[in-house]
Amino acid sequence: MRQKIISGNEAVALAVKLARVGLVGIYPITPQTSIIEKLAEMKANGELEAEIVRVESEHAAMASTFGAAVAGVRAFTATASQGLLYMHEMTWWALGSRVPIVMVVASRAVGAPWNIWDENTDFMSERDSGWLMAFASNPQEALDLTLQAFRISEDERVFLPMMVGMDGFILSHMKTNVYIPAEEEIDAFLPPRRQPYILDTESPVGMGNIFPPIEYMKLRQSIHEALVRSEDVIREVGKEYEKINPLGSYSTLNVKYKLDTADYAVVLMGAWAGDAMEAIDHLRDKGINVGLYRIRYVRPWSEKEISEALKDKKAVLVIDRATAMGRGSPLYEEIKATVNLDQISGVISGLGGVLLNKEDFVNIISHFVEKAKLGKANGINWYYPQEGGKVELRTPKSIEE
Amino acid sequence: MIISLEIRFHGRGGQGVVTSAELLATAAGIDGLWASAFPIYGAERRGAEIEAYCRISKSQIRETSPISRPDIVVILDPTLLKISNPLRGLKESGKVIINSKVPPSVDFETYYIDATKIAMDNNLVKSGWPLVNIIMLGALLKVIGTVSLESLKIAIEDEFEGKIAELNEKAVEIAYNSVKEVEKIAV
Amino acid sequence: MSLGLRNLSKSNSLLSGTSACPGCPENMAMRMVGMGLGSDVALIVIAGCSSVIQGMAPRNSYNFPVLNIAFAAGPPAASGMARAYRLRNKNTTVVVWAGDGGTADIGFASLSGAAERNENFIYICVDNEAYMNSGGQRSGSTPLGASTSTTPEGKKENKKEMIFIMMDHNIPYAATASIGYPHDFVTKLKKAKSINGFKYLQVLAPDPYGWMFDPAKTPEVGKLAVQTCYWPLIEYENGKLTVNSECMHCLDKSTRRPLIDFIKTQGRFKKITEEEYKKLEEYIDSMWKRIEKMMEL
Amino acid sequence: MPDKGAGGKTGNWRVMRPVITEKCIKCKACYLWCPEATIHIEDGVTIDYEYCKGCGVCASVCPIKAIKMVSET
């Protein structure tokens, strides 16, 4: 392993190269674009052997990736925001076909109005599609999860496509230390591609023609079951990957920080986990007994891990960088459905590029703990970083002392 | 406190502010340190005010938010002092490194270097603008002392090709050796 | 009397007992695909009658590997598939099998994209001039004056001429065919197979139910379309346009068989007004003038 | 997998049955256009009534009218 200062997007591109992907379907959309630019550059330099299809839309990006995958080739694509929404029909199509595919989503707000900044609603909108969905919290994890995704997706106990998300700009464009596995390590880790069937003239299967109702329903059930079953595969693959990156902890789906000794738990996903950890250290020093539970796998949703981790907490605070309109926010809803506690409250923030720092998390968490002590930590709040602030990108210029 | 050094870069779109922060991080990485660099993204336009951040630490960096309490502020364009407040949030013990012909009067420990002149003297001009971004890193390195000039040169060679790399390496060394501290005038 | 069956591949691309309506022109065309391309073919079927004609999984009436896919996804999926086969050193001919709605309307962008990239596959538009699978709604390929379930009063606009649009993509090969002329279609398929890059074929598939005529007459209507110059049989190869001998009489207005001989066979034109009929004639005349001009290039 | 009868025993759809008479000159036009691939030419010209839907295309394309459509009832 060698260490380099690279961005999240470069890290993903390197993972794709290390995975010896055969075909990449590419279509630009900010903030994902530098992934595909990097891959195109590698191809031009002769560093990458993969076919690159420069398609005319995200719908086509997924379709071309899917076409290659069905025909027996390891395939990858990446997108974000409107692109993921435009691709939505094909993400479902690929899922129903049980074909291993890996996609990276550099999460971004959804229009209208236009907003190019970070938000996880695009990613979360695919929750019911049946894809495996992991969300990274730093560029290293984006690389590690992308590599693991190929292995998990191609495991015969799974055979489902997998997407890896990361916060747009915040991770996609942040340059930081990333340990890059050696080719031999990944070649040993990632066996040649396996898939449930290969569509070619040697085995003239028909894929996707009409299923009778009962058969269709059985297929749907089998997908659900494979998705649930994938939990064990993820842990198994994660454990093995820890040999490649000893600094990463992948033997569980989700990640605890000072949680087991905590009375109060904060649940969230993505890049701001780092800032929240800083806040938790600060609050712990002040005697507030709080810990963090970071959701890394949105699908499969590990009922077992999550309820075990949170069951004896006095109260749980779920912070979402996404909305589930009319119901609040996705992680909040999911946690409420998983954990049987009297006090679960939610905070929605960070939408459309609203940035929170350590102080914001100190504010949010201490407010939550105060409420919880009164037995009133319930319901959803929308948090704006400034007192009385509006939904505007908080540029540093407006940070007051 | 895990973060050991937080540096904020101020400049104008087109001056290479983001590249400065990234090259510093790359150099720190070569020295075996942890580092992270990122800008605030938006509708960047040539000439418009822009800032970028770099954190350097001996241990893993967890924060991903913009730097609001920097240890060091690097200002690529002295006129920004008049039109905005690049010094906001700077720690009391913080330092300012500024591209300026003359010693500016700032209430912080301040270092100045005429990066514009160094750029012109060394033929580092692009689209009519002197390329001061890398040069400022030479001055910064001298002031912070935690990242080596050698590593910065490697980072420059990695980022640029041929002549531009050569010119920048030379200019960085000049800046490293000629940055000056502003003498505090007792009030 | 010889129909020259010797030159046709014996490959049975269609297996009896399909879910197609009796007299289906798409089935005729699919059989001709086998006769022209042989058996080393992978088929991508986009949403349309053909998604149903195959019958129920796990069985399939198409004697090829078949990938069924959503409307706009055909050409990009074929791009990925063709490249995957190349990576795997396979010579399999990839064919996209699409209707006119999937071609001229919802799949237009992806078709154009794949043509512009000159992806190596054959795109076949089986043109029955409406969304027949969903019950005969108007598409961009429906001709002026034709009644459909969404234009009960008759369509007021001319047909979108996909063949010209595809020629404008400067692809190596584009051609039209009609199920009324199997040998011509088979010959064009064979040629398409031998060419590297993007190939576009548009085959007229008169639909007895949507067009409202006796299903036994499907081939006959396919012939009449050509004889009355409604449907040109043309071929575009390396920038050169040629007209089939069956259609040479169409270049001269005075030698064309009256359009009415084609129109009157179909119930869909029952409401066509005299003015609309004239407009349709004028449109066909302008199409042939355009073809004549392009032949000179 | 490719299989006959994926759409069912479509011979049951038939109302009119095509019958090849002795006038047949084996030109195979019916084979060429049969939309259901139910006309076989390996051993004379025969019709697979298990799947023939009775559309009448064969009778219609026969140049010498050697195929008759007769009622199934």
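The values are calculated or read from the model by the stated rules, or taken from the named source; none is laboratory data. Keep in mind that what you see is a predicted model, and the values were worked out from it rather than measured. Ideal geometry is used to build each Cβ from the backbone, glycine not excepted, and the neighbour counts take in all protein chains shown. Side chains are part of the model used for accessible areas, which takes the heavy atoms of the whole protein and leaves out ligands, DNA and RNA. Shrake-Rupley method; radii C 1.70, N 1.55, O 1.52, S 1.80 Å.
Structure values in brief
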{"read-out": "Per residue, in Å², the accessible surface of chain A once ligands and nucleic acids are set aside, probe 1.4 Å", "value": "37 Å²"}
{"read-out": "Accessible area in square angstrom per residue, chain B, 1.4 angstrom probe", "value": "44 Å²"}
{"read-out": "Contour excess over end-to-end distance, with Cα ends at A:ARG235 and A:ASP281 and 0.36 nm allotted per residue", "value": "13.8 nm"}
{"read-out": "Selected from C:GLY80, C:GLY210, C:GLY38 as most flexible by GNM, with chain C as the system and alpha-carbon contacts under 10 Å", "value": "C:GLY80"}
{"read-out": "FRET efficiency, 1/(1 + (r/R0)^6) with R0 22 Å, evaluated for B:ARG45 and A:TRP114 via beta carbons", "value": "0.85"}
{"read-out": "Inter-part distance where the stretch C:163-177 and the stretch C:195-221 are each reduced to a Cα centre, Å", "value": "18 Å"}
{"read-out": "DSSP-assigned coil residues among trypsin sites (Lys or Arg not before Pro) in the stretch A:268-300, each with at most 13 further Cβ atoms within 10 Å", "value": "A:LYS286"}
{"read-out": "Residue-count net charge about C:GLU129 - beta-carbon cut-off 10 Å; Lys, Arg +1, Asp, Glu -1", "value": "+1"}
{"read-out": "Residues whose placed amide H lies under 5 Å from that of A:ALA271, excluding near-sequence neighbours", "value": "A:ASP167"}
{"read-out": "Helix axis angle, C:274-296 relative to chain C longest principal axis, alpha carbon, degrees", "value": "50 degrees"}
{"read-out": "Of A:LYS239/A:LYS336; C:LYS199/D:LYS23; B:LYS91/B:LYS163, those spanning more than 32 Å from alpha-carbon to alpha-carbon", "value": "C:LYS199/D:LYS23; B:LYS91/B:LYS163"}
{"read-out": "Loop GluC sites (Glu not before Pro), the stretch A:13-116, which have at most 15 other Cβ atoms in a 10 Å radius of their Cβ (DSSP)", "value": "A:GLU47, A:GLU49"}
{"read-out": "For the stretch C:62-76, Karplus couplings with θ = phi - 60° (6.51, -1.76, 1.60), whole Hz, Gly/Pro x", "value": "7, 8, 9, x, 10, 10, 7, 7, 5, 2, 7, 8, x, x, x"}
{"read-out": "Drop in accessible area of at least 30 Å² in the complex versus isolated chain, residues of the stretch A:144-183, 1.4 Å probe", "value": "A:PHE169, A:HIS173, A:MET174, A:LYS175, A:ASN177"}
{"read-out": "Proximal charge balance of B:SER36 [Cβ under 9 Å; K/R count +1, D/E count -1]", "value": "+1"}
{"read-out": "Fluctuation leader among C:PRO219, C:PRO152, C:PRO172 - chain C, Gaussian network, Cα springs under 10 angstrom", "value": "C:PRO152"}
{"read-out": "Cα gyration tensor shape of the stretch C:65-209, rounded if a/c is under 1.5, else prolate or oblate by comparing a/b with b/c", "value": "prolate"}
{"read-out": "Overall dimensions of the stretch C:3-295 by Cα: Rg and Dmax, Å", "value": "17.9, 58"}
{"read-out": "Solitary cysteines of chain D, where the nearest other Cys Cβ is not under 4.7 Å", "value": "D:CYS24, D:CYS27, D:CYS34, D:CYS52, D:CYS55, D:CYS62"}
{"read-out": "Bridge type composition, the protein assembly as shown - antiparallel percent by DSSP, nearest 5", "value": "35 percent"}
{"read-out": "Amide H within-cut-off set for B:LEU5, under 5 Å, with H built and near neighbours excluded", "value": "B:ILE56"}
{"read-out": "Reduction of at least 20 Å² in accessible surface, 1.4 Å probe, comparing all protein chains with the chain by itself, residues of the stretch A:43-67", "value": "A:GLU51, A:VAL53, A:ARG54, A:GLU56, A:HIS59, A:ALA63, A:SER64, A:PHE66, A:GLY67"}
{"read-out": "Cα-centre dipole for chain B with unit charges at Cβ (Lys and Arg positive, Asp and Glu negative), debye to 20", "value": "460 debye"}
{"read-out": "Among D:ILE25, C:LEU233, A:LEU259 - extreme Cα towards positive end, dipole of the protein assembly as shown, charges at beta-carbon", "value": "D:ILE25"}
{"read-out": "Distance in nm between pseudo-label sites at B:ASN123 and B:ASP107 (7 Å out along the Cβ direction from Cα)", "value": "4.6 nm"}
{"read-out": "Cα gyration tensor shape of the stretch D:16-71, rounded if a/c is under 1.5, else prolate or oblate by comparing a/b with b/c", "value": "rounded"}
{"read-out": "Structure-based [θ]222 nm, the protein assembly as shown - -39500 (n - 2.57) summed over DSSP H runs of at least 4, per residue, nearest 500", "value": "-10500 deg cm²/dmol"}
{"read-out": "Solvent accessible area, Å² - A:LYS239, 1.4 Å probe, full protein context", "value": "120 Å²"}
{"read-out": "Occluded residues from the stretch B:23-56, i.e. those whose accessible area drops by 40 Å² or more once the chain is not alone (1.4 Å probe)", "value": "B:TRP34, B:ILE40, B:TYR41"}
{"read-out": "Length-normalised contact order for the stretch A:255-382 - Cα pairs under 8 Å, 6+ apart - percent", "value": "27 percent"}
{"read-out": "For the stretch A:255-382, diffusion coefficient by Stokes-Einstein and Kirkwood Rh (Cα), 37 °C, 0.692 mPa s, µm²/s", "value": "230 µm²/s"}
{"read-out": "For the stretch C:1-124: accessible area per residue (Å², 1.4 Å)", "value": "27 Å²"}
{"read-out": "HN-Hα J in Hz across the stretch C:89-105 - Karplus 6.51, -1.76, 1.60, θ = phi - 60°, x for Gly and Pro", "value": "6, 10, 9, 3, 7, 8, 10, 9, 10, 9, x, 6, x, x, 8, 7, 10"}
{"read-out": "DSSP bridge orientation in the stretch A:255-382 - percent antiparallel, rounded to nearest 5", "value": "20 percent"}
{"read-out": "Debye, to nearest 20: dipole size of chain A, +1 on Lys, Arg Cβ, -1 on Asp, Glu Cβ", "value": "520 debye"}
{"read-out": "Relative contact order of chain D, pairs being alpha-carbon contacts under 8 Å that are 6 or more residues apart, as %", "value": "45 percent"}
{"read-out": "Relative contact order (percent, whole number), chain A, Cα cutoff 8 Å, 6+ residue spacing", "value": "15 percent"}
{"read-out": "FRET efficiency for B:GLU183 and B:ASN85, using Cβ-Cβ distance with R0 set to 41 Å, rounded to 0.05", "value": "0.95"}
{"read-out": "Apportionment of accessible area to carbon and sulfur, the protein assembly as shown, percent (1.4 Å)", "value": "52 percent"}
{"read-out": "Separation of alpha-carbon centers, the stretch A:83-113 and the stretch A:177-252, rounded to whole Å", "value": "17 Å"}
{"read-out": "Listed residues B:GLY13, B:GLY162, B:GLY94, most fluctuating in chain B (Gaussian network, C-alpha, under 10 Å)", "value": "B:GLY162"}
{"read-out": "Placed amide H near C:LEU233: partners under 5 Å, 5+ positions off or other chain", "value": "C:ASN244"}
{"read-out": "Dmax and Rg, reported as Rg then Dmax, of the protein assembly as shown (C-alpha, Å)", "value": "33.8, 123"}
{"read-out": "Where C meets D: accessible area buried, both sides, 1.4 Å probe, Å²", "value": "2800 Å²"}
{"read-out": "Alpha-carbon centroids, the stretch B:1-68 and the stretch C:86-138: separation in whole Å", "value": "49 Å"}
{"read-out": "Under Karplus coefficients 6.51, -1.76 and 1.60, residue-wise ³J(HN,Hα) of the stretch C:191-208 in Hz, glycine/proline x", "value": "5, 4, 4, 7, 9, 8, x, 8, 10, 10, 10, 10, 10, 6, 10, x, 9, x"}
{"read-out": "DSSP-assigned coil residues among chymotrypsin sites (Phe, Trp or Tyr not before Pro) in the stretch A:86-189, each with at most 14 further Cβ atoms within 10 Å", "value": "A:TRP114"}
{"read-out": "Shape category assigned to chain B from the gyration tensor of Cα positions, a/c cut at 1.5", "value": "rounded"}
